[in-house]
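Report on one structure; see the data block that follows.
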Amino acid sequence: MKFIETEFADVKLIESKIFSDPRGSFFGVFEQEAFENQGITEVFLQDSISYSKTNVIRGLHYQEPNAQGKLVCPLRGSIFDVVVDIRLGSPNFKKWMGVELNSKQGNMLWIPPGFAHGFATLTKEVSLLYKLTHRYDPENQYVINWRDPDLNIEWPISNPILSDRDTNAPLLSEISILPTYT
């Protein structure tokens, strides 16, 4: 596994070697020792899988308290994955980054607790594996509007398919419960 620095020091792009033969292919998703060698010591408590159609945006989601670190791995298709630093007091507060993740490349993104996450689908069918450091807690889940003008995220699709929750989400400035930078 190769860990690549991103615009945010704690967010890592991870490339896993893909082994292919006439039967298909194989790649590793999580190796505890490799993560620990990068200073990522969080314990994963839940794995989840999402399925999305083309032209979908999900997010921007976060959980507070019990903030979730996420390892996002595409199993099928590709996405434009977005991370927003929403930690109060962070020098990167309100800054965002985006990266394309593609199942055929074996790349993944580690998103530590304290960041909002969302993605846009770039292919017809997308399946994502999430490894999460806290269990899903619907009582403490929050959504930031994907079109928030203060964030000015450059989404690569227009007229996306959205859930009602994501469509009607408040702006970041309208949310009072945010993680704190430490």
**So Thr121, is it closer than 22 Å to Glu154 by Cβ, buried (at least 19 other Cβ atoms within 10 Å of the Cβ) and more than 10 Å from the chain's Cα centre (by Cα)** = yes
**Prompt:** In segment 86-98, which residue that is of a type outside the set (Gly, Ala, Ser), in a loop (DSSP other than H, G, I, E, B) and over 20 Å from Pro156 (Cα atoms) is nearest to the chain's Cα centre (by Cα)?
**Reply:** Ile86
**Request:** Looking only at segment 25-66, count how many residues are on the phi > 0 side of the Ramachandran plot and either of a type in the set (S, T, N, Q) or in contact with a Pro (Cβ under 8 Å, 6 or more places away or on another chain) (or both).
**Result:** 2
**Request:** Spot the failing condition for Ser20; the list is (1) polar (S, T, N, Q); (2) in contact with a strand residue (DSSP E or B) (Cβ under 7 Å, 6 or more places away or on another chain); (3) loosely packed, with under 11 Cβ neighbours inside 10 Å, and only one is missed.
**Result:** (2)
**Item:** Any chance Asn107 is more than 15 Å from the chain's Cα centre (by Cα) and not hydroxyl-bearing (Ser, Thr, Tyr)
**Value:** no
**Asked** Any idea which of (1) surrounded by fewer than 18 Cβ atoms within 10 Å (Cβ to Cβ); (2) under 25 Å from Thr123 (Cα atoms) is the one Ala34 doesn't satisfy?
**Response** (2)
**Check on Gly89, on the phi > 0 side of the Ramachandran plot, modelled with pLDDT of 95 or more, loosely packed, with under 13 Cβ neighbours inside 10 Å and not hydrophobic (A, V, I, L, M, F, W, C)** = yes
**Asked** Does Arg135 fit the bill of being of a type in the set (D, E, K, R), assigned to a loop (DSSP other than H, G, I, E, B) and closer than 16 Å to Gln63 by Cα?
**Response** yes
**Request:** Could you run through segment 54-74 and say how many residues are under 22 Å from His134 (Cβ atoms), of a type in the set (A, V, I, L, M) and either without any contact (Cβ under 8 Å) to a residue 24 or more places away in the chain or surrounded by fewer than 24 Cβ atoms within 10 Å (Cβ to Cβ) (or both)?
**Result:** 3
**Request:** Could you pull out the residue among Leu151, Leu101 that is surrounded by 14 or more Cβ atoms within 10 Å (Cβ to Cβ), touching a helix residue (DSSP H, G or I) at 6+ places or on another chain (Cβ under 8 Å) and not in a helix (DSSP H, G or I)?
**Result:** Leu151
**Message:** Condition (residue is exposed (fewer than 15 other Cβ atoms within 10 Å of the Cβ), touching a residue at least 60 places away in the same chain (Cβ under 8 Å), in contact with a Ser or Thr (Cβ under 6 Å, 6 or more places away or on another chain) and not aliphatic (A, V, I, L, M)) applied to segment 42-53: is it met by at least one residue?
**Reply:** yes
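The values are calculated or read from the model by the stated rules, or taken from the named source; none is laboratory data. Note that the structure is predicted; figures quoted are calculated from it, not measured. Methodologically, a virtual Cβ is constructed for each residue, glycine included, from the backbone with ideal geometry; neighbour enumeration extends over all protein chains shown.
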